[in-house]
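Only one structure is covered here, and it is reproduced in the block below.
The values are calculated or read from the model by the stated rules, or taken from the named source; none is laboratory data. As the structure is a computational prediction, the values presented were derived from the model and not from experiment. Methodologically, a virtual Cβ is constructed for each residue, glycine included, from the backbone with ideal geometry; neighbour enumeration extends over all protein chains shown. The area values use the complete protein model at the heavy-atom level, side chains included, leaving out ligands, DNA and RNA. Shrake-Rupley method; radii C 1.70, N 1.55, O 1.52, S 1.80 Å.
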Amino acid sequence: MFILDTEKLIQKLKEEGDQPLWEYALNQEMERSGRSREELREQMDQSLAVMERSASTARKEPVQSVSGLTGGNACRYEQYRGKGNSLLGETASLAVGMALSCSEINASMQCIVACPTAGSCGIVPAVLLACAQSRGLDRQTLINALFTASAVGIIVGSRATVSGAEGGCQAECGAAAAMGAAAVTEMLGGTPDMAFHAAAMALKNVLGLTCDPVAGLVEIPCIKRNASGAMNALLSADLALAGVRSYIPFDEVVDAMYAIGKAMPQSVRETSKGGLAVTPTGMRMKKETQRGEEG
């Protein structure tokens with residue numbers, strides 16, 4: 001059974017000869033599913049291939065959402081950063097473009113990996129692929145990192161939720177940022193303890209974040225929140241790798257997130273009855289979308 005208490009989990013990994021978090025997650029899935037190591041790694045490789053396509057497609061040419069409300073920003077940003085104008089470094093700016101691309105592919109109803117949700121699908125692929133490209137890491141290392149991310153996702157989903165309807169966007173983009181931060185940390189040589197500190201910092205940074213999609217669609221502000229979530233994950237991983245620790249343990253951050261989510265008004269939990277969704281511009285966009293559907 002997967003250990004959901006991270007203090008006990010870290011101790012278990014130390015007893016197993018400093019076993020990495022990704023290997024623990026893989027072994028647990030082998031036990032749960034009855035499938036072989038090779039089968040599970042192949043399945044993860046297939047998911048990685050989908051991530052790679054979704055992280056690149058909308059950067060090469062504009063992709064419009066089904067609603068027509070959004071699209072083209074991943075390509076626009078890629079052209080901007082290609083001219084050397086970005087204020088961010090190569091890894092960070094690449095991650096932003098990749099996160100936007102994944103989210104625009106989702107909004108256009110193409111194939112993505114919900115990691116952990118469709119609305120937060122850009123964060124984990126963006127940070128892992130951008131780091132791997134900038135550091136020259138191989139495919140097997142990326143697959144390992146996805147298992148690390150899955151371990152964090154299991155803990156968040158089991159102790160709390162990854163649903164925006166239940167916990168707000170802190171539960172979706174927050175969980176994704178925590179998963180990405182932990183995965184990057186371990187991928188770049190950090191320990192499981194450091195990975196959980198990275199995850200804790202990433203989730204702390206978005207506590208209270210509402211889920212208020214304009215017109216009830218996973219586009220505004222969701223797409224740009226994926227780009228922001230990627231930056232959050234990279235920053236948190238960087239801090240952890242530097243030896244910075246979260247004063248509040250990861251488990252307690254997750255539990256706090258869940259409590260905050262339950263305390264949030266229903267209007268800001270994916271109902272589109274509050275927040276940005278009910279601003280004058282948000283309401284106008286909703287009417288435009290409805291007219292488009294009727295037409």
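Structure above, values below:
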| quantity | calculated |
| --- | --- |
| Rounded tilt (10° steps) of 192-204 against the dominant C-alpha axis of the chain | 30 degrees |
| Straight-distance crosslink candidates among aspartates and glutamates, where the alpha carbon sits under 20 Å from Lys204 and sequence neighbours closer than 8 are dropped | Asp5, Glu7, Glu166, Glu172, Glu186, Asp193, Asp212, Asp238, Asp251, Glu252, Asp255 |
| Solvent exposure of the chain as accessible area per residue, Å², 1.4 Å probe | 44 Å² |
| Percent carbon-and-sulfur accessible area, the chain, ignoring ligands, DNA and RNA, probe 1.4 Å | 52 percent |
| Whole-Hz couplings from phi, Karplus 6.51/-1.76/1.60, listed for region 88-104; x for Gly and Pro | 8, x, 4, 5, 5, 5, 5, 4, 4, x, 5, 5, 4, 4, 4, 5, 6 |
| Net charge contributed by nearby residues that have their C-beta within less than 13 Å of Ile155 (K/R +1, D/E -1) | -3 |
| Region 183-252 versus region 101-176: alpha-carbon centroid distance in Å | 11 Å |
| Derived scalar couplings ³J(HN,Hα) [region 165-179; Karplus, 6.51 cos²θ - 1.76 cosθ + 1.60; whole Hz; x for Gly, Pro] | 5, 9, x, x, 5, 4, 7, 8, 5, x, 5, 4, 5, 5, 4 |
| Most to least packed among 206-218, 79-91 [average Cβ atoms within 10 Å] | 206-218, 79-91 |
| Under 5 Å, built H, 5+ apart or other chain: amide partners of Leu209 | Gln170 |
| Local net charge near Arg41, Cβ-Cβ under 14 Å (Lys/Arg +1, Asp/Glu -1) | -4 |
| Relative contact order (%) - the chain, alpha-carbon pairs under 8 angstrom, separation at least six | 19 percent |
| Where no second cysteine Cβ lies under 4.7 Å, the cysteines concerned in the chain | Cys75, Cys102, Cys111, Cys115, Cys121, Cys131, Cys173, Cys222 |
